[in-house]
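Here the structure is laid out as structure tokens; the discussion comes afterwards.
The values are calculated or read from the model by the stated rules, or taken from the named source; none is laboratory data. Just so you know, these numbers come straight off a predicted model, no measurement behind them. Counting neighbours? That spans all protein chains shown, and the Cβs are built from the backbone with ideal geometry, glycine included.
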């Protein structure tokens, strides 16, 4: 089978992160001109090799360089349309969108950078832009224990979406198919949970960084046979590794818990940093947040509502601290690293003294690393390396003294 080489191209307002996105994907800084470095903005077209199948063209976002932008996107196959979550839609956002529509670019992806603005706000923008309905679920937040009142609220929201979805899709809602999807979701999510728990073994076969890749099917293919088959095969391999005492980091000196969002553009760098210092990052809130063990095909409405309401992000600090303490014991954690995600407040638990209070309860030392899930300008690699290496050295010393 032969594949045609695909050209991807960026578009979007100035300073919305187009060049940072390309660098995160390819490792190439497409701002190569001295003037671009001095002014901190893209002026001319930039080019980066993604892989053997694709190349990315980076275009300027400033209004004075629209001609260069048009030259860049006129030959692309797939548009990466970049919008910064903290700015929203800006003048060149609309201008670039108009240009891409006039050029009839066949396919595109919306890339939201500098997150995390409320998803509802973005859906509202796209609904307005494309004149289509907007529906969704707003689960209760900061919940200690999830009661039937919260479940009923979410069930009502689910059911309110059905008429609109039927109208848009032209298909009637089929409860039998819903039950089947819930059944497959439950089976896949329990397999995913077992995959994560293989790293309770002292020679853990799966790292947090591995998990951020393997979580793909449970995020986007939940409720399908494909996801179930994927985790069945992965679990078999990991259990065999545990049986044979094969881990991703033999003789790890410390076991680390990662709290918060991944720093997506630095997964490899951070993975190498921890392993080179003998630290195994064996568990996380993020990967565990995709375990929905309350699914029940015999009670699909209530169980689905409860499953999506009980996840970590929706819980109170009291409930979160209890969940973290349980994970510390289960995975035999020596230290926790909190990622203080600058543009995603809802997924950051390093504020308001929670790390200190949890340490008083569990005795597990904590480190806070500042960064972001998308915008790497918030992440200082040199400073973070120093902080993490110092923290890991202190953990080792404490283990020796104890």
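Beta carbons closer than 7 Å, at least 6 apart along the sequence or on distinct chains, pair a first residue in region 102-122 that is farther than 11 Å from residue 11 by Cβ with a second that is modelled with pLDDT under 65 for 112/85; 113/85; 114/85; 114/86; 115/85; 116/85; 117/85; 117/86. For region 281-297, the set of residues classified as in contact (Cβ under 8 Å) with a residue 40 or more places away in the chain and either over 19 Å from the mean Cα position of the chain (by Cα) or not in a helix (DSSP H, G or I) (or both) consists of 281, 282, 283, 284, 290, 291, 292, 293, 295, 296, 297, listed by residue number.
Yes or no, residue by residue, for (1) more than 23 Å from the chain's Cα centre (by Cα); (2) under 26 Å from residue 88 (Cβ atoms); (3) not in a strand (DSSP E or B):
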site	(1), (2), (3)
4	yes, no, yes
21	no, yes, yes
38	yes, no, yes
42	yes, yes, yes
48	yes, no, no
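Residues satisfying the criterion are present in region 240-259 (criterion: more than 29 Å from residue 378 (Cβ to Cβ), in a helix (DSSP H, G or I), at pLDDT 95 or above and touching a helix residue (DSSP H, G or I) at 6+ places or on another chain (Cβ under 8 Å)). How about region 178-206: which of its residues are surrounded by 17 or more Cβ atoms within 10 Å (Cβ to Cβ) and either at positive phi or part of a loop (DSSP other than H, G, I, E, B) (or both)? Passing the criteria: 201, 203, 204, 205, 206. Just give me the residues in region 355-402 being within 26 Å of the chain's Cα centre (by Cα) and under 30 Å from residue 138 (Cβ atoms), in sequence order. 355, 358, 368, 370, 371, 372, 373, 374, 375, 378, listed by residue number.
Based on this model, can you work out whether residue 50 counts as modelled with pLDDT of 80 or more and over 20 Å from residue 265 (Cα atoms)? Taking the combined requirement at face value, the residue does not satisfy it.
Quick grid of which residues meet (1) surrounded by 16 or more Cβ atoms within 10 Å (Cβ to Cβ); (2) more than 21 Å from residue 237 (Cα to Cα):
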residue: 138; (1), (2): no, yes
residue: 154; (1), (2): yes, yes
residue: 165; (1), (2): no, yes
residue: 176; (1), (2): no, yes
residue: 208; (1), (2): yes, no
residue: 211; (1), (2): yes, no
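Examine region 227-248 for a residue that is touching a residue at least 12 places away in the same chain (Cβ under 8 Å), crowded, with 18+ Cβ neighbours inside 10 Å and touching a strand residue (DSSP E or B) at 6+ places or on another chain (Cβ under 8 Å), and state whether such a residue exists. Yes: region 227-248 contains one or more residues that are touching a residue at least 12 places away in the same chain (Cβ under 8 Å), crowded, with 18+ Cβ neighbours inside 10 Å and touching a strand residue (DSSP E or B) at 6+ places or on another chain (Cβ under 8 Å).
Could you list all residues from region 325-354 that are buried (at least 21 other Cβ atoms within 10 Å of the Cβ), over 15 Å from the mean Cα position of the chain (by Cα) and either within 27 Å of residue 152 (Cα to Cα) or modelled with pLDDT under 95 (or both)? Residue satisfying the conditions is 349 alone. Note on region 217-239: residues that are closer than 20 Å to residue 200 by Cα and in contact with a helix residue (DSSP H, G or I) (Cβ under 9 Å, 6 or more places away or on another chain) amount to 6. State whether the residues of region 90-100 include one that is at pLDDT 75 or above, over 19 Å from residue 128 (Cα atoms) and part of a loop (DSSP other than H, G, I, E, B). Within region 90-100 (the criterion being at pLDDT 75 or above, over 19 Å from residue 128 (Cα atoms) and part of a loop (DSSP other than H, G, I, E, B)), the answer is no, since none of the residues qualifies.
Quick check on region 23-31. Is at least one of its residues outside any loop (DSSP other than H, G, I, E, B), within 29 Å of the chain's Cα centre (by Cα) and either at pLDDT 80 or above or crowded, with 21+ Cβ neighbours inside 10 Å (or both)? Yes; the residues of region 23-31 include at least one that is outside any loop (DSSP other than H, G, I, E, B), within 29 Å of the chain's Cα centre (by Cα) and either at pLDDT 80 or above or crowded, with 21+ Cβ neighbours inside 10 Å (or both). Suppose we keep only residues that are surrounded by fewer than 16 Cβ atoms within 10 Å (Cβ to Cβ) and in contact with a strand residue (DSSP E or B) (Cβ under 7 Å, 6 or more places away or on another chain) within region 51-76. Which one would you say is nearest to residue 12 (Cα to Cα)? Checked region 51-76; the qualifying residue nearest to residue 12 (Cα to Cα) is 75.
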